[in-house]
Amino acid sequence: MKLAAIDIGSNAARLLITEASPKANGEMDFTKVNLVRVPLRLGMDVFATGAISEKRAESFVNTIKAYKLLLDVYEVKYLKTAATSAMRDAANGAQILERVKQETGMEIKVITGQEEANYIYENHIAENLDKTRGYLYIDVGGGSTEMTFFKGNSLVFKESFNIGTIRLLQGKVEEKHWQQMKDFLRQNLKNSGQLVAIGSGGNINKVFSLSKKKEGKPLTLDQLKDYYKEFSSFSVEERIHLYNLREDRADVIVPALQIYVNVMRWTDIEEIYVPKIGLADGLVRSLYKEISALARP
């Protein structure tokens, strides 16, 4: 069964097409068929002016048209969509989504920060790890950071903060925003023992690839601090050439590392696992659950 998800982030839009098939033990296997990322960078407009410009709105509509063609070619019957922080904040967001609906027939759903955290948690990575420890999922996006804390077999909290890479680049994150995040984490994680982080988002995936670590091995806080210092010492242009980064990754990778480093420092976390999952993967898993529930008699 082919399932797809469209994730409209503040930095990029993603279309993920997945094949869901049962394994011998009855569990579902989700195999990536295609992932198409378009750096729309809606947050660049929204966090600066409060609205999406006509030029970016046009690119957005064209991106959805292209995604629709791909969904038709792959004969995908089931789709789940989500637009996050930039679309939540855009004064003209509803108007642009209505235009998308008129021109493509596709409905894009704007989700809350809490819903975003829920979908990321749908990946259930922590459930396969050591049950005696606590795990903090950290998903860093262009407009917000979602955190989910999981201990033993239970979910303890899910929280969304308006601290993201594009907001940081544009100077829209103040000291009080950092303080709120720090206070929340300190208050909600005290007496939780030694914790481990699970990171998601394009930036931590890129850092993991650059580190040449083996799949399943964690990055350390010290390594993230080193990458932060190293990348910060170069201009965006230099980062593009030295690390073979796209421009829309080269500028946001530094603020992303700032967020991961701060969260890990404040929570005394020494290691972060990078399973290369994200919101789109969570949307696909959630979609599968919905379809399965409907299929039951």
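For this structure, a couple of remarks:
- Residue within the stretch 163-183 that is surrounded by 16 or more Cβ atoms within 10 Å (Cβ to Cβ), touching a Ser or Thr at 6+ places or on another chain (Cβ under 6 Å) and farther than 21 Å from VAL46 by Cβ present: no
- Among the residues of the stretch 135-154, those that are more than 19 Å from the chain's Cα centre (by Cα) and either open to solvent by 50 Å² or more (accessible area, probe 1.4 Å) or of a type in the set (A, V, I, L, M) (or both) comprise LYS151, ASN153, SER154.
- Within the stretch 86-105, being among the polar types (S, T, N, Q), in contact with a helix residue (DSSP H, G or I) (Cβ under 9 Å, 6 or more places away or on another chain) and either surrounded by fewer than 15 Cβ atoms within 10 Å (Cβ to Cβ) or closer than 17 Å to ALA5 by Cα (or both) holds for GLN95, THR104.
- Residue in the stretch 61-80 that is in contact with a Lys or Arg (Cβ under 7 Å, 6 or more places away or on another chain) and closer than 30 Å to VAL173 by Cα present: yes
- Restricting PHE234, PHE184 to those that are among the aromatic types (Phe, Trp, Tyr) and either at pLDDT below 95 or assigned to a helix (DSSP H, G or I) (or both) reduces the list to PHE184.
- Within the stretch 188-231, the residues that satisfy the criterion of being hydroxyl-bearing (Ser, Thr, Tyr) and farther than 25 Å from ALA12 by Cα are SER192, THR220.
Residues checked against (1) hydroxyl-bearing (Ser, Thr, Tyr); (2) open to solvent by 10 Å² or more (accessible area, probe 1.4 Å); (3) touching a helix residue (DSSP H, G or I) at 6+ places or on another chain (Cβ under 9 Å):
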site	(1), (2), (3)
ILE8	no, no, yes
ALA13	no, no, yes
LEU16	no, no, yes
ARG41	no, yes, yes
LEU69	no, yes, no
TYR74	yes, yes, no
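- Some residue of the stretch 201-211 being over 29 Å from LEU40 (Cβ atoms) and modelled with pLDDT of 95 or more: no
- Failed item, numbered, when LYS276 is tested on (1) at pLDDT below 95; (2) under 26 Å from SER160 (Cβ atoms); (3) in a helix (DSSP H, G or I): (3)
- Filter result (farther than 26 Å from ALA295 by Cβ and outside any helix (DSSP H, G or I)) within the stretch 40-79: LEU40, ARG41, GLY50, ALA51, ILE52, SER53
- Note on the stretch 82-125: enclosed helices (runs of 4 or more DSSP H) holding 2 or more residues that are among the charged types (D, E, K, R) and more than 30 Å from GLU27 (Cα to Cα) are 85-89, 93-104.
- Residues being out of contact with any helix residue (DSSP H, G or I) (no Cβ under 7 Å at 6 or more places or on another chain) and outside any strand (DSSP E or B) - total across the stretch 18-39: 5
- Applying the criterion of being of a type in the set (Lys, Arg) and within 19 Å of the chain's Cα centre (by Cα) to the residues of the stretch 225-271, the residue that is surrounded by the most Cβ atoms within 10 Å (Cβ to Cβ) is ARG249.
- Residues of the stretch 196-213 satisfying the condition of being under 20 Å from ASN123 (Cβ atoms) and part of a loop (DSSP other than H, G, I, E, B): GLY201, LYS213
- Contact map, the stretch 249-261: residues that are at negative phi paired with residues that are assigned to a helix (DSSP H, G or I) and modelled with pLDDT under 95, Cβ distance under 8 Å, separation 6+ or inter-chain. Pairs shown: ARG249/GLY202.
- Condition met for ALA197 (open to solvent by less than 20 Å² (accessible area, probe 1.4 Å) and closer than 18 Å to TYR260 by Cα): yes
The values are calculated or read from the model by the stated rules, or taken from the named source; none is laboratory data. Since this is a predicted model, take the numbers as computed values, not measurements. Positions of Cβ are backbone-derived with ideal geometry, glycine not excepted, and every protein chain shown enters the neighbour counts. Keep in mind that these areas ignore ligands, DNA and RNA; they rest on the heavy atoms of the full protein, side chains included. Shrake-Rupley method; radii C 1.70, N 1.55, O 1.52, S 1.80 Å.
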